[in-house]
Amino acid sequence: QDEEKWDFVLVSDIHEVGSQKEIKRKKFLDELSKKGFTIKKIEDEKLFYGVRAPNQIFQKYQWLLRNPDSRRQNPDAHQDVPVTTRIRIVNFILQNTVTPDLEKLHDLMKKKVFEASFPLHEKEEVREFLKENWARWRSKIHHQPIEMIRCYFGEKVALYFAWLGWYTRLLGIAALAGTVVFISGITIFNSSQVSKEICEANTTIMCPLCDQNCPFWYLSETCTYAKVTHMIDNEATVVFAMFMAIWATVFLELWKRNRATVVTNWDLYGWDEEEEELALQLINNLQHEPRQYQHSYLRSTIVLILVLVMIAVMIGIAHALVIYRVVATALFSQSQCEFLREHANMAAMVTGAVLHYITIVIMTKVNRRVALFLCDLEKPRTFSQREKNFTMKIFTFQFFTHFSSLIYIAFFLGRINGHPGSYVRIAGKWRLEECHPSGCITDLFIQMGIIMVLKQTISNVMEYLIPCIAHKLRKKQQRPKKKRVVLGEEEEEAEDPCKQQWLNNYRLNEVNIFSLFDEFLEMVIQYSFTTIFVAAFPLAPLLAFCSNICEIHVDAIKMMRLYRRMVPRKANDIGIWLQVLEAVGILAVIGNGLVIAITSDFIPLQVYKYTYGPCVTANSSGVDCSTGYINHSLSVFRIQDFEPQTRAEALLALTGLCRRYRDYRNADDYSHTAQFWHIFAARLAFLIIFEHVALCVKLIAAWYIPDVPQAVKNQLLDKKHTNLHKEL
């Protein structure tokens, strides 16, 4: 039975004898034979080559690294090392075996000499346990079998699921807090003084929202929108933003502790990746010389310039989305459909959000190609270095792809559009869009809601459906078994016991070196959405929590049932992703501080309450401090000062001389009032105070919670002491 265990399977088309591809294939297999590999050939719709490495290779590995894998963790006499270690070593040798033509397996696969190479899903006890208790929709996620996952998929995959489970668990706390904040906003839906004033402002006539076919309108028409805005934009939002800044820090600190405990139990706390790679290179080729560290300032400069160009392209796409919204608003306002005319701004915003999602899908593919090209330019020394470089570039590109449009809505929308009589225009024709009179935060809320719901829903559905359908189609293409006739009866032709197993594995979906990377990237982008603009979208943690519960099940089912077995990789942490998450935590503090200071009406309202409102006078008991805020935040505009493009002549007789718009400007020359500069100073002061307090709290939390538990430190200390005592 042991003889039928194979470390890897290579798949090739059936080439003509003497053809170039057949010769190249034979040369590669000959090189493997020289290294002592056992090779078994099975012919069916394709050529299958099972390869098994000699035990001497694993003995060398154990000797070189004095690795804990040398302890027999598998009762099978055939395997002195775990299956995951065998597969990893064999994969390294396969990828680095060079033919006399100086070609590696990667080159041969590009030239279609080999079609695929993969380790096998075998019917072992661990796999059956994972299939029944983990990779099912009805399985529970609160306790994942991390140790079993490690035994089957290796440490890197196990750490991914440990991190994802930990993130989801703590996300439950943030989701609960966000839901409480949102519900508290609903309770003040009808009681907000600001909303009441807007709903009762049936004599306040506002300036038109577009140049043509837009009438003057009463402020009270936006009553419902104002209630929704103040449901999101209230004092609880500020507290929640501070809470999320602390939550992000505590989450990472607790993850570091959890990770230290897990890898110590695996005896990998002090594992050296570079030493491991050097050992594998020597096992593969004793004459191997390590590639030296190199740095080229010219190459780094070229890469930096190209990264900046790529970022500029993404900012350009954000500008294109802005132009779309401006033009769409103008077109919708002239539509024959009454509903579109009345809700032109909302229609432009919603369609703009959907268009933004489509650009995200397209640019994700472009970003990957560009990031890989830049990595090739850098010529990293090792695969792990290449992976780190690729991670930083793709995350930077994806961050700008996802957030450039949101940054515009949060911090620029309605602040660079000028004022009636002097609007900023695109191509001198279309004026830039304005915020709603109730504030800009609802625009950001809607944009984030649409993108998060679309991204989480569509990505999870497609992530499961595409491989599921592809697997079923491949199974349908299965050729019927050959039969032969014996004494007039049909009898199935006897076949190799390995054949069906290899065919079943081949018909599964292909995995690549970035399969796990894609899962990490998806989660880190989601983490960015959950933390950076959470002040504008308190439901983000709840959506992320629900999505993650689904994500864990989808990933488990994909890896166990729909995809070929992933090549295990050794690791003792989640790598560069930890630094990325810490950077996102700092961006979250800055982003939420800016949202509250600039996007929200929180600061203008507080300034009014304690500087200009009724509470400033001594005899104001029983009066809401925000009474009169709306009237105070509106400026007066003379209709005769409208630009020629704004056609409202037909309404002049009805509306008189002066109309209102949202800004702090003087009525005579439209310059900013003293209140504007007062509010500007208050915004700046709040931003500085909020960010410094939040960052200080983050630092204190990071100091207060040790990265490594005392039990782990003591365990490592005892181990060192015991080893030294034995030596002595």
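The values are calculated or read from the model by the stated rules, or taken from the named source; none is laboratory data. From a predicted model like this one, the values you see are computed outputs, not experimental measurements. Because the Cβ atoms are built from the backbone with ideal geometry, glycine has one as well, and the counts that use them run over all protein chains shown. For the accessible areas, the whole protein counts, side chains as well, though only heavy atoms, and no ligand, DNA or RNA atoms are used. Shrake-Rupley method; radii C 1.70, N 1.55, O 1.52, S 1.80 Å.
One table, with the values for the structure above:
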read-out	value
Heavy-atom accessible surface of the chain: percent carbon and sulfur, 1.4 Å	60
Sequence-distant aspartates and glutamates (8 or more away, or on other chains) whose Cα lies within less than 12 Å of K256	D573, E582, D707
Full-extension gain in nm, I323 to S220, via 0.36 nm per residue minus C-alpha separation	34.2 nm
Test item: Cα-centred dipole of the chain, Lys/Arg +1 and Asp/Glu -1 on Cβ, debye	1100
Euclidean distance of C-alpha centroids, region 90-131 and region 564-590, integer Å	26
Excluding exposed DSSP-loop chymotrypsin sites (Phe, Trp or Tyr not before Pro) (at most 14 other C-beta within 10 Å), longest clean stretch of the chain	294-728
Angle in degrees between helix 297-333 and the longest Cα principal axis of the chain, rounded to the nearest 10	50
Share, in percent, of DSSP beta bridges within the chain that are antiparallel, nearest 5	95
Estimated FRET transfer efficiency (L102, I513; beta-carbon r; R0 35 Å; 0.05)	0.95
Gain upon complete extension [L331, K720; 0.36 nm per residue less C-alpha separation]	132.6 nm
Phi to ³J(HN,Hα) by Karplus 6.51 cos²θ - 1.76 cosθ + 1.60 over region 355-360, Hz, x for Gly, Pro	4, 4, 4, 4, 5, 4
Cα gyration tensor, the chain - rounded (a/c under 1.5), prolate or oblate	prolate
At most 14 other Cβ within 10 Å, DSSP loop - trypsin sites (Lys or Arg not before Pro), region 240-334	R291
Rounded to whole Hz, the Karplus (6.51, -1.76, 1.60) HN-Hα couplings of region 455-472, x for glycine and proline	5, 5, 5, 5, 5, 5, 5, 5, 4, 8, 5, 4, x, 5, 5, 4, 5, 5
Amide hydrogen neighbours beyond the local backbone of A116, cut-off 5 Å, H modeled	V11
Amide H partners (placed H, <5 Å) of L508, local residues excluded	none
Cα-Cα over 29 Å, subset of K123/K365; K27/K365; K156/K365; K698/K719; K34/K112; K34/K110	K123/K365; K27/K365; K698/K719
Global form of region 116-256, assessed from the alpha-carbon gyration tensor, a/c cut-off 1.5	prolate
